[in-house]
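So the structure is just underneath, and the comments pick up after that.
The values are calculated or read from the model by the stated rules, or taken from the named source; none is laboratory data. Note that this is a predicted model, so its numbers are computed, not measured. All Cβ positions, even for glycine, are placed from backbone atoms using ideal geometry, and neighbour counts span all protein chains on display. To get the accessible areas, we keep the full protein, side chains included, count just its heavy atoms, and leave off ligands, DNA and RNA. Shrake-Rupley method; radii C 1.70, N 1.55, O 1.52, S 1.80 Å.
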Amino acid sequence: MLEKVFILLFASTALAQELCRPDAPEAYKVRLSIKTALGNEAYEWNDNEMYLFQATLAFAMRNQLPGQQFEVSNIIVCNITPRVSFWFVVTSVNSPTTLIPKQNVENAIKEARHRINSAFLLTDQTLEFLGIPPTLASPIAPGTPPWLIAFGVVMGIVGAAIVYFLGTAIIRRTRKKTPDEDEEAKEANGIAGENLDGIYNSTFSDEDKITEM
């Protein structure tokens, strides 16, 4: 019985090494920069951290392929380096010798990227899935459409121009009227002055005629 267990363990290890190898068609390389990200608060990468990585990948695969209960054992890891980097593949739930297509794994990672990063206190730049571009934040939609802002600016300029030209026209008309009014005022003052000074006054002229008679 014990011999059978050892044989199964050896066979599974050999199978895992065969399925997971660098540059395999369905394999991805992961590179972590824990010290760069956390500095003095950096944690040590160990078997527990690797278990957490496999668990988060299994979680991501469950969300990507509903109905398939991926386990930690479905995430096979190999070529682990101290710095830390490693390769991994994902095996099928129904067949441990069948690998999940690379596109499904990539989609699962993209959808759960923020959850994976949060689990290790890292970012897209410090927890890298080589071959999978970093996730981008969705652009912020402005509250007011750009075309409406541009239309408002143009209409504001047009309105200011209309007010300016109307104001200028009114000022010019006012300036034209002022000299005429001044001339009329001067003429009126001149006539009154002549009357007051006795230069010409029709009333006195009539009195002179009566006196002569």
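Modelled this way, with points 7 Å down the Cα-to-C-beta line, the labels at Thr168 and His114 are 5.5 nm from one another.
Solvent-accessible area of the stretch 43-150 (1.4 angstrom probe, protein heavy atoms only): carbon and sulfur portion equals 57 percent. Count the net charge of all other residues whose Cβ sits under 14 Å from the Cβ of Phe120, scoring Lys and Arg as +1 and Asp and Glu as -1. Net charge around Phe120: -1. Accessible surface area normalised per residue over the stretch 68-138 is 53 Å², counting heavy atoms of protein chains with a 1.4 Å rolling probe. Each other residue within a Cβ distance under 15 Å of Leu52 adds +1 if Lys or Arg and -1 if Asp or Glu, for a net charge of -3. Heavy-atom accessible surface of Trp45, to the nearest 10 Å², is about 40 Å², with a 1.4 Å probe and all protein chains retained. Charged neighbours of Pro96, selected by a Cβ distance under 15 Å, balance to -3 (K, R count +1; D, E count -1). Selection among Asn63, Val84, Asn48 by position relative to the dipole of the stretch 40-129 gives Asn63 as farthest towards the positive end (Cβ unit charges, Cα centre).
Dipole magnitude for the stretch 54-161: computed about the Cα centre from +1 point charges on Lys and Arg Cβ and -1 point charges on Asp and Glu Cβ, it is near 40 debye. Heavy-atom accessible area with a 1.4 Å probe sorts Arg172, Arg115, Arg83, largest first, into Arg83, Arg172, Arg115.
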